[in-house]
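Since every read-out is calculated from the coordinates, none of them should be taken as a lab result. Keep in mind it's a predicted model, so treat the numbers as computed, not measured. Counting neighbours? That spans all protein chains shown, and the Cβs are built from the backbone with ideal geometry, glycine included.
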Amino acid sequence: MLNFFSEDIEFSLPNPLKTKKWIKNSSKSEGYEISDLNYVFCSDEYLLEINKQYLDHDYYTDIITFDNSEEDNVLEGDIYISIDRIRENADTFHTDFNTELRRVLIHGLLHLTGYEDSTDELKMVMRTKEDEYLMQF
């Protein structure tokens, strides 16, 4: 099951059915099945509180991914996305809002499938994968 929620803001995902299909196909391409995956759209302040409470980080971020998977190749988790950050990043990186949103949606999925972005080299690998999946939307 793949779900989209809004927590402390009013937000409707553009093209939710197409987006679900895209995320599921991307997951399958990585060799994973989605069991229970929740995307939660929220504000900067809401995500900052999650960042402080669960990760002991006191800064804004665009996404936090919690992996609840218990079986190999089966995805379960919660992905929190700040719509405020998406808007700001779209301006900063000179891209449109929907493209930046899709990049972050797939970024969270890639984390759940084992991709990391803790070094410049790993960030390049992840960015390449993001670009690959963005072209498939």
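Taking Cα centroids, how far is the stretch 102-126 from the stretch 26-66 in Å?
12
Does the stretch 1-66 come out rounded, prolate or oblate by the C-alpha gyration tensor, with a ≥ b ≥ c the root eigenvalues, rounded set by a/c under 1.5 and, if not, prolate when a/b is larger than b/c and oblate if not?
The shape class here is oblate.
Using +1 on the beta carbon of Lys and Arg, -1 on that of Asp and Glu, and nothing else charged, what's the dipole of the stretch 29-105 about the Cα centre, debye to 20?
360
Give me Phe11, Phe97 ranked fewest to most by other Cβ atoms within 10 Å of their Cβ, as a rough exposure proxy.
Ranking Phe11, Phe97 by Cβ neighbours within 10 Å, fewest first, gives Phe97, Phe11.
Give the residues of the stretch 86-124 whose amide nitrogen is closer than 16 Å to a point set 7 Å from the Cα of Met135 in the direction of its Cβ.
103
Mind listing the phi-derived Karplus ³J(HN,Hα) values for the stretch 24-33, rounded to whole Hz, using 6.51, -1.76 and 1.60 with θ = phi - 60°, and x for any glycine or proline?
With coefficients 6.51, -1.76 and 1.60, one gets 5, 5, 5, 4, 4, 4, 8, x, 10, 10 Hz.
Would you please name the GluC sites (Glu not before Pro) within the stretch 16-114 that are DSSP coil residues with at most 14 other C-beta atoms within 10 Å of their C-beta?
Glu70, Glu71
Taking amide H atoms as placed 1.01 Å from N in the peptide plane, list the residues 5 or more away in sequence, or in a different chain, whose amide H sits under 5 Å from that of Ser69.
Glu76
Rank the residues Ser26, Ser82, Ser35 as a footprinting-exposure proxy: fewest other Cβ atoms within 10 Å of their Cβ go first.
Ser35, Ser26, Ser82
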